[in-house]
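Read through the structure below, which is laid out as structure tokens, and then see the notes.
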Amino acid sequence: MPTATLSPPTARGSDFAALSGLVARAGLLRPRPGYYVARIGLVASLYLAGWVAFVLIGNSWYQLILAPCLAVVFAQLALVSHDIAHRQVFRTRRVSEIAGLVAGNIGIGMSYGWWMDKHTRHHANPNHEERDPDVAPDALVWSTRQADAARGMARLLGAWQAYLFFPLLTLEALSLCVSSVRALRSRPSMRYRRTEAALLLLHFIGYLGIVLLVLSPARAAVFVAVHLGLFGVYLGCTFAPNHKGMPMLTDTDERPDFLRRQVLTSRNVRGGPFVDVLLGGLNYQIEHHLFPSMPTPNLRRAAPIVREYCAQIGVPYADAGLVDSYRQALRYLHAAGEPLRRRRGADPAP
């Protein structure tokens, strides 16, 4: 399993403070309103155009050509919601919450409040087995320790999870919807709970309503399966390269300082402007975790500064090509499931 030196510096926070000064002096923390006006305008236009095209195509199997296109647009809207949540778009909490509710709840059928709480905990403790909800054992296990203690679905699937990872991503969009509904039902103290529930209901009625009004039941079922399946795969592939295969932390480890906690558990993905658009800027995961409110277009410019600074203080800075990042993640998942395969007396080559 991956390991790294996670011991903190003598003066906690001093390394990050120096780096933060470098980034601030380069002007990379300043808002980019023009960029977000263009990006949000383009995504919103494509979203509306997709549904207009859906109505115009009508009750036809040609809708299966449109379904992948709408899956891409939904994923791009989810990436915009991510930036809104980090106040990269709007600096005030109130406006960010309103925009997040519109994009998340109405646009893609995901509770913005539930996801915001989950994602905030992830940023505070990335790849921490007890504190990061993104690596909590559910259908998959993320460490050999979790595999040893696996029960239920994780125990059933964990042995072969590297092979099942991409097929399981087809259920990711559905999982987001189910988790959102569960959170709204089980958390009475959730901020804007009733508003979120109403907006989610509006999304479900609108989505299923237009699909069932335009398509026959059989075509509607296939369209929804293809659309949501590919939306889930795209969304999962956007987040999978960022931390999977990087060091895991536990409460028994000495807690590293902020800079090391973020850099050593994150991986960047190389690939140029195409990958930047494809992954919504999350390919600069190290810089994003260090400076969550930094506008997406500034992350590319911040990367050389962060890389050079990490080299100066002796902190490993991980990056990989897109395909190699998935390969590393799958190898890691295979290694994490080894205890479950050992119980069954089989350990196929990764």
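Using just the C-alpha positions of the stretch 194-255 as equal point scatterers, what log10 of I(q)/I(0) does the Debye formula give at each q in 0.14 1/Å?
-0.67
Given the options Arg267, Arg151, Arg331, which has the most mean-square fluctuation in a GNM of the chain, springs set between C-alpha atoms less than 10 angstrom apart?
Arg151
So, with +1 on the Cβ of K and R and -1 on the Cβ of D and E, and no other charges, what is the size of the charge dipole of the stretch 20-164 about its Cα centre, to the nearest 20 debye?
Using Cβ point charges on Lys, Arg, Asp and Glu, the stretch 20-164 gives about 560 debye.
Would you compute the Debye intensity of the stretch 52-136 from its alpha-carbon atoms alone, equal scatterers and no solvent, and pass along log10 I(q)/I(0) at q = 0.13, 0.14, 0.15 Å⁻¹ to two decimals?
Here the Debye-derived log intensity ratios amount to -0.55, -0.61, -0.67.
Would you mind computing Rg(Cα) / (2.2 N^0.38 Å) for the stretch 108-258, counting N as its residues? Walk me through the numbers on the way to the answer.
Details: Rg = 17.7 Å, N = 151, 2.2 N^0.38 = 14.8 Å.
For the stretch 108-258, the normalised Cα radius of gyration is 1.19.
For the stretch 192-350, take the convex hull of the Cα atoms, compute a quarter of its surface area, and give me that in nm², please.
15.1 nm²
Is the shape of the stretch 29-175 best called rounded, prolate or oblate, per the rule: a/c under 1.5 gives rounded, else a/b larger than b/c gives prolate, else oblate, with a ≥ b ≥ c the square roots of the Cα gyration tensor eigenvalues?
It is oblate, given that a/c is not under 1.5 and a/b is not larger than b/c.
Sticking with the crude label model, points 7 Å out along Cα→Cβ, report the distance from Leu208 to Ala139 in nm, one decimal please.
Between Leu208 and Ala139, the label points sit 2.0 nm apart.
Given that compact globular proteins tend to follow 2.2 N^0.38 Å, what is the ratio of the alpha-carbon Rg of the stretch 56-97 to that value? Numbers along the way, then the final one.
Working: Rg = 15.6 Å, N = 42, 2.2 N^0.38 = 9.1 Å.
Expressed relative to 2.2 N^0.38 Å, the Cα Rg reads 1.72.
Send over the Kirkwood Rh of the stretch 11-68, from the inverse of the averaged 1/r over different Cα pairs, rounded to one decimal Å.
Values: mean 1/r = 0.0648 Å⁻¹.
The Cα-based Kirkwood calculation yields 15.4 Å.
Counting Lys and Arg as +1 and Asp and Glu as -1, each charge on the Cβ, what is the dipole of the chain about the Cα centre in debye, to the nearest 20? Numbers along the way, then the final one.
Working: 37 positive and 23 negative charges, 102 e Å.
For the chain, the charge dipole is close to 480 debye.
Taking Cα atoms of the stretch 276-315, Rg/Rh with Kirkwood Rh, to two decimals?
Computed over Cα atoms, the ratio is 0.99.
How much FRET efficiency would the formula 1/(1 + (r/R0)^6) give for Ser175 and Ala335, where r is the Cβ-Cβ distance and R0 is 30 Å, rounded to 0.05?
0.80
How large is the helix-only mean residue ellipticity at 222 nm for the chain, computed as the sum of -39500 (n - 2.57) over DSSP H runs with n ≥ 4, divided by its residue count, in deg cm²/dmol to the nearest 500?
The helix-only estimate for the chain comes to -20000 deg cm²/dmol at 222 nm.
What dipole magnitude, in Debye to the nearest 20, does the stretch 247-344 give about its Cα centre under +1 on Lys/Arg Cβ and -1 on Asp/Glu Cβ?
The calculated dipole for the stretch 247-344 is roughly 460 debye.
How big is the chain by the Kirkwood estimate over distinct Cα pairs, in Å? Walk me through the intermediate numbers first.
Working: mean 1/r = 0.0465 Å⁻¹.
Result for the chain stands at 21.5 Å.
Coordinate-derived values only; no laboratory data. Computed from a predicted structure; not experimentally measured. Glycine also receives a Cβ, built like all others from the backbone with ideal geometry; neighbour counts cover every protein chain displayed.
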